[in-house]
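The values are calculated or read from the model by the stated rules, or taken from the named source; none is laboratory data. As the structure is a prediction and not an experimental result, all values here were calculated from the model. Neighbour counts are summed over all protein chains in view; Cβ atoms, including those assigned to glycine, are modelled from backbone coordinates with ideal geometry. Please note that ligands, DNA and RNA were not included when accessible areas were found on the heavy atoms of the full protein model with its side chains. Shrake-Rupley method; radii C 1.70, N 1.55, O 1.52, S 1.80 Å.
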Amino acid sequence: MKRIYIFALLFFLAAALPSCRKDAPELMNPGETELSQTPSQVFKAFWHGMNNSYGFWDIDPTDWDRVYDEYLPLFEVLDGTDPETEEEEAELAGTMQTLYTQICGKLIDHHLSITFYPKSEYEFAVSPGYLDISARDYFHDAIIGNIIPACIEANRQAGRIEEFVQGRYEVEGDSDNMAAISYKIDGVIYLRFSEFGFRSVLQKDPGGPVEQVLRNYQRMILETPDIKGVIIDVRDNGGGLLADMQEVLAPMIDTDLLIGYTRVKEGLGRLDYGPWVPCIVSPAENHRKVEAPIVVLANLHSVSMSEMTCMAVSVLPNGCVVGERTFGGTGPLYGDYKFAYSGAWENSVVSVYGSTAVMKDARGKIHEGVGIVPHIEVLQTPEVEAEMRSGVDPQLERALEYIRTHGHAAFLEVTEHWTGACGKFPEQDPK
């Protein structure tokens with residue numbers, strides 16, 4: 001799973017951080033644990049680190065105490081093994097990977113990626129989010145970016161597209177590489193981008209192709225006389241900078257928009273949480289209230305900021321989400337363990353990459369481990385993929401149909417389904 005960095009310090013989630021402090025004497029950073037060698041020592045270092053740093057213990061159904069009681073004896077048995085051949089060493093590593101997959105596979109933090117024995121020949125990783133989406137009956141690869149051009153070309157030849165601008169920022173080794181497209185289709189403003197990285201790319205390549213795409217989108221928002229609708233396409237978008245809300249959504253609102261709340265840990269205890277802090281998007285300096293339908297196109301591989309965008313648009317009376325239930329990694333990441341007794345940490349035997357904060361939407365629903373359930377479901381089936389390769393995008397066409405058919409009334413028909421389906425744990429949610 002792509003690693004996603006959300007620099008909330010740059011934006012409104014900064015309020016969720018504890019005030020500046022010196023490291024308290026009781027701060028036991030799991031990254032500073034003593035060296036561990038045997039399988040049981042590694043397990044205990046991992047278990048205690050997660051016990052103190054994981055931010056979801058009040059809602060995660062995993063019984064962490066039971067995990068300790070049941071699995072420590074199994075790792076202690078492995079302490080007595082003394083592999084003499086490469087085959088025996090591989091078998092031992094495989095056994096440990098199986099045990100850790102059983103332990104971690106159902107954790108609901110879908111940003112979570114845990115690497116054991118990093119930078120060694122025994123290295124292996126467990127990603128609960130990827131394990132979950134792989135088991136969904138609508139699982140598919142992330143391929144939208146490769147087949148969108150065929151759809152664009154077909155629509156351009158049909159005369160449906162105008163004011164088209166596309167651009168790419170690509171520098172070898174740069175984590176902010178991104179592609180973006182904006183245009184009008186059937187009079188509807190459309191924006192697609194591969195990740196939330198506008199703010200970073202604007203600094204690195206001012207006036208470049210990606211900025212031209214963004215400014216074209218914003219200009220259409222401000223200058224189109226009669227906006228029929230807006231589509232924000234975040235399919236296969238792995239997330240990124242929270243500050244991009246100001247570039248994508250803020251131009252369309254005229255008052256502050258509460259999109260949800262975040263909470264961080266403020267102590268070593270499992271349930272040492274701080275208060276829920278509101279997350280607010282303010283109108284851009286140049287803005288125009290859009291009353292026409294605003295649709296987010298999302299799919300299985302829409303993660304993190306893509307899911308937060310779904311949350312934000314769903315708050316709007318004219319907002320709608322079309323596509324598939326998303327990945328389920330909504331907790332922001334903006335620092336390591338010392339920021340909030342949670343987030344990323346590592347030591348000599350385990351490296352943990354996880355959410356710094358928990359987020360709930362404006363209605364109080366927590367979508368972590370579940371994903372955003374769309375108001376209108378259009379699955380990316382093999383048949384749909386075949387249509388896209390031939391130039392027809394059924395998910396986009398369904399969004400356009402929703403916009404054409406007076407949007408708001410259609411939204412009211414599906415709202416009850418959406419609010420009732422969100423906030424459940426994965427095993428309670430339809431696959």
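3J(HN,Hα) along region 293-310, derived from phi through the Karplus expression 6.51 cos²θ - 1.76 cosθ + 1.60 where θ = phi - 60°, amounts to x, 10, 10, 9, 8, 9, 9, 3, 9, 8, 10, 6, 4, 4, 6, 5, 5, 4 Hz, with x in place of Gly and Pro.
Once a ≥ b ≥ c are taken as the square roots of the eigenvalues of the Cα gyration tensor of region 126-248, is the result rounded (a/c under 1.5), prolate (a/b larger than b/c) or oblate (a/b not larger than b/c)? Working shown, then result.
Numbers: a/c = 1.84, a/b = 1.29, b/c = 1.43.
It comes out oblate by the Cα gyration axes.
Rounded, prolate or oblate for region 191-267? Axes are the square roots of the Cα gyration tensor eigenvalues, ordered a ≥ b ≥ c, and the cut-off for rounded is a/c under 1.5.
Numbers: a/c = 1.98, a/b = 1.32, b/c = 1.50.
In terms of gyration-tensor shape, oblate.
Note on Trp276: accessible area is roughly 80 Å² with a 1.4 Å probe, heavy atoms of protein only. Simple spin-label estimate for Leu258 and Asp141 gives 4.5 nm between the two label positions (7 Å along the Cα-to-Cβ direction from each Cα).
Largest first, the residues Lys360, Lys265, Lys106, Lys119 sort by 1.4 Å accessible area into Lys119, Lys106, Lys360, Lys265. Normalised per residue, the accessible area of region 212-292 is 38 Å², obtained with a 1.4 Å probe and no contribution from ligands, DNA or RNA.
Once all protein chains are placed together, Ile103 keeps about 10 Å² accessible to a 1.4 angstrom probe. Could you report the accessible area of Asp58 in Å², rounded to 10, computed with a 1.4 Å probe on the protein chains as they sit in the structure? Probe radius 1.4 Å; accessible area of Asp58 about 70 Å².
Shape analysis of region 339-404 places it in the oblate category; the axes a ≥ b ≥ c from the Cα gyration tensor give an a/c of at least 1.5, with a/b not above b/c.
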